[in-house]
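> Questions regarding the structure given below will be posed in turn.
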Amino acid sequence: MEKKKKAVGTVEHYYTNISVAVVKLKDKLKVGDRISIQGATTNLEQEVSSMQIFNKPVKEAKKGDSIGLKVEDRVREGDKVFLVK
């Protein structure tokens with residue numbers, strides 16, 4: 001069965017030392033969601049294990065929020081973030 005992907009945001013920054021991506025959301029996202037991050041050299045799929053807004057842990061974020069997202073591999077600015085159904 002083909003997985004459905006819905007664009008939910010874009011990577012704005014990546015902190016190498018802590019493996020955290022700053023993602024600007026254009027749709028809501030919550031802990032437990034499965035996401036895919038795609039770019040020129042990025043192809044990553046993982047579950048959202050933790051995210052923060054202004055260094056405070058949140059369970060859910062909405063359109064327009066910039067979140068800190070723990071990622072399992074290196075991502076790059078401009079990579080697209082998709083929700084995987």
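> Out of all the residues in segment 31-53, which are surrounded by fewer than 17 Cβ atoms within 10 Å (Cβ to Cβ), under 19 Å from K85 (Cβ atoms) and either β-branched (V, I, T) or in contact with a helix residue (DSSP H, G or I) (Cβ under 9 Å, 6 or more places away or on another chain) (or both)?
V31
> Looking only at residues that are aliphatic (A, V, I, L, M), surrounded by 15 or more Cβ atoms within 10 Å (Cβ to Cβ) and out of contact with any Phe, Trp or Tyr (no Cβ under 8 Å at 6 or more places or on another chain) in segment 1-30, which one is nearest to E77 (Cα to Cα)?
Among those residues, the one meeting the criterion is V11.
> Let me ask something else. Scan segment 1-25 for residues that are outside any loop (DSSP other than H, G, I, E, B), closer than 14 Å to K85 by Cα and free of Cβ contacts under 8 Å to residues at least 24 places away in the same chain and report the count.
0
> Sticking with this one: Consider segment 44-57. How many of its residues are over 15 Å from E12 (Cβ atoms) and touching a Ser or Thr at 6+ places or on another chain (Cβ under 9 Å)?
Adding up the residues that qualify gives 4.
> Same structure, new question: Within segment 26-77, can you find the residues that are assigned to a loop (DSSP other than H, G, I, E, B), hydroxyl-bearing (S, T, Y) and either at positive phi or touching a residue at least 40 places away in the same chain (Cβ under 8 Å) (or both)?
none
> Restricting attention to segment 42-59, and to residues there that are over 11 Å from D73 (Cβ atoms) and of a type in the set (S, T, N, Q), which single residue is farthest from the chain's Cα centre (by Cα)?
Checked segment 42-59; the qualifying residue farthest from the chain's Cα centre (by Cα) is N55.
Values in this text are rule-based calculations from the coordinates and carry no lab data. Fair warning: this is a prediction, and the values are worked out from it, not measured in the lab. When we count neighbours, we look across all protein chains shown, and the Cβ atoms used for this are built from the backbone with ideal geometry, even at glycine.
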